[in-house]
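Asker: Here it is, the structure in full.
The values are calculated or read from the model by the stated rules, or taken from the named source; none is laboratory data. The model shown is predicted, which means the values in this text are computed figures rather than measured ones. A quick note on method: Cβ atoms are made from the backbone with ideal geometry, for glycine too, and the neighbour counts reach across all protein chains shown. These area figures cover heavy atoms from the full protein model, side chains too; ligands, DNA and RNA do not enter into them. Shrake-Rupley method; radii C 1.70, N 1.55, O 1.52, S 1.80 Å.
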Amino acid sequence: MAITPRQKGATSARRRHAPARAGFLDRIEPFFAGKDVIGGPLLLATIVALLFTNSPVRESYEGFWDTQLLFGFGRLSVSHSVAEWIDHALLPLFFIVIGTDVKRELVRGALSQLRTAIFPIAGAVGGMVVPVFLFWLIARDSDAIAGWGTVITMDTAFGLALIGLFATRLPDGVRALFLAFAAIDDIGGLLVIAAAYSDAIYLDGLLIAAIGFAAIYLLRHLRWGASIPYVLLALLLWVGILRSGIHTTIAGVLLGFLVPVYPRLGRKDFADNVQDEIDEFQQAHRRAAGEGQGDDASRSERKAQERLGYLHEMTGATHATGERIITLLAPWISYVVLPLFALSNVRIHISSELVADAMGSTLAPAILLGLCLGKPLGFLGFSWIAARLGLARLPDKVCWSMVGAIGALAGIGFTISLFISGLAFSDARNQEIASLAIIAASILAGLIGYAALRFAARGSVEPSG
């Protein structure tokens, strides 16, 4: 969700009345405030996790996240560690928001035209193929090749936070393009998890998920308004994906694409339908206020409340479901889901031996080059080729320097990259080397992306298709 005109005005006022304070707030606000998923709490949680995993209480700390939790009903039961439940049960909420936001941009936003939508698709393909190719060139003759999936995906929260630093100076298309690229990129990563890092896929789980998906789709077309059936069917879809052996974040993406992004009632229809109700409410309210106590006053008060209920429902119908879901889930994802993911998954025991092992391995340089070089080269190169061939075009007011900045931000691998590293390697040492390289690459890519965004925000060059 882009910055609103009211927020832009408030930012301008802060700069005028308190420039020093405004400058500080402008720098930290995108990381800790806003309607979007934000990266500040995730960053703090990562720092806390690193401190605990390198402290005397390391064993107790990691042991807590490895505690097994079993849920059962009759003879059916499923058991995972606390960390795994966070990955399976909470992380899909993040992908619901991503899927919903991208669908909105594709249907009614900056990427709603075909050639504009093809642009991030082409870039995402390049942003997956080139990093994997570079990783393979470096690690092909070692056991590190198992970690090739770590360079597939990018981190959305940190990238959005950095773009938010320049929200008043960049066109909305930059954020929309980044989101579309990130969503396609994440879907590619999840498919890689399903194909390369899943032990087995169970068809009965896929059937359960398909039933849940089809039922939600049917209710949508029947214009079913009550939310409880959707929640129950979403749980059915999640259970099916969990049972299938595919990572449940796929369920989040599927649910996000099912969420309506148009309101049930347009503004014109709203205006045509509520004026008589407003008049009736005013009349009933005045009668109730003027009649004091008694049956007539009670009837008038009930009439006024009925009209208020009608107006409330009609007003809610003008608010798209997708926007409500993003507004509802974004704070929970920012302050609960992603921090818990970092606390439970970041386990790097930093030492001189680990740094030496990383520098002497093929795994660390493969990840560093794959993320920091392969991602921007792939995204920028493939999208440029698609534009030159006439298959795609840049979103309005987005120039190539902005595309380059998005490509640089794509090197921030973090969330899913850390998750894939845990699946790729059974030995703790390779996991630590991979995690260290992912964090180092993410810091470097973040710095490069920030510099590129700052350069792009200085002046916008009119884009050419």
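Asker: Those residues that are more than 24 Å from L106 (Cβ to Cβ) and surrounded by 18 or more Cβ atoms within 10 Å (Cβ to Cβ), I need them from segment 244-262; list them, please.
Answerer: Across segment 244-262, the qualifying residue is only S244.
Asker: Let me ask something else. Among (1) among the β-branched types (V, I, T); (2) modelled with pLDDT of 85 or more; (3) open to solvent by less than 50 Å² (accessible area, probe 1.4 Å), which single condition is V231 missing?
Answerer: (3)
Asker: Return the total of residues in segment 48-106 being open to solvent by less than 40 Å² (accessible area, probe 1.4 Å), more than 30 Å from I187 (Cα to Cα) and of a type in the set (D, E, K, R).
Answerer: Selection size over segment 48-106: 0.
Asker: Follow-up question, since we're still on this one. Would you list the helices (runs of 4 or more DSSP H) that sit entirely within segment 52-144 and hold 3 or more residues that are among the basic types (K, R)?
Answerer: Where helices (runs of 4 or more DSSP H) fall fully within segment 52-144 and carry at least 3 residues being among the basic types (K, R), they are 91-108.
Asker: Also, quick follow-up: Which condition breaks for Y217 when tested against (1) at pLDDT 80 or above; (2) crowded, with 19+ Cβ neighbours inside 10 Å?
Answerer: Unmet for Y217, out of (1) at pLDDT 80 or above; (2) crowded, with 19+ Cβ neighbours inside 10 Å: (2).
Asker: Further question: Hey, can you tell me all the residues within segment 347-384 that are closer than 10 Å to G127 by Cβ and open to solvent by 40 Å² or more (accessible area, probe 1.4 Å)?
Answerer: Passing the criteria: L377, L380, F382.
Per-residue answers, yes or no, for (1) charged (D, E, K, R); (2) open to solvent by 20 Å² or more (accessible area, probe 1.4 Å); (3) touching a helix residue (DSSP H, G or I) at 6+ places or on another chain (Cβ under 6 Å):
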position: R393; (1), (2), (3): yes, yes, yes
position: W400; (1), (2), (3): no, yes, no
position: I412; (1), (2), (3): no, no, yes
position: L418; (1), (2), (3): no, no, yes
position: L423; (1), (2), (3): no, yes, no
position: R429; (1), (2), (3): yes, yes, no
position: L436; (1), (2), (3): no, yes, yes
position: A445; (1), (2), (3): no, no, yes
position: R454; (1), (2), (3): yes, yes, no
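Asker: I need the full set of residues from segment 107-129 which are open to solvent by less than 30 Å² (accessible area, probe 1.4 Å) and either more than 22 Å from Y262 (Cβ to Cβ) or at pLDDT 95 or above (or both), in order please.
Answerer: Answer for segment 107-129, where residues must be open to solvent by less than 30 Å² (accessible area, probe 1.4 Å) and either more than 22 Å from Y262 (Cβ to Cβ) or at pLDDT 95 or above (or both): F119, A122, G123, A124, G126, G127.
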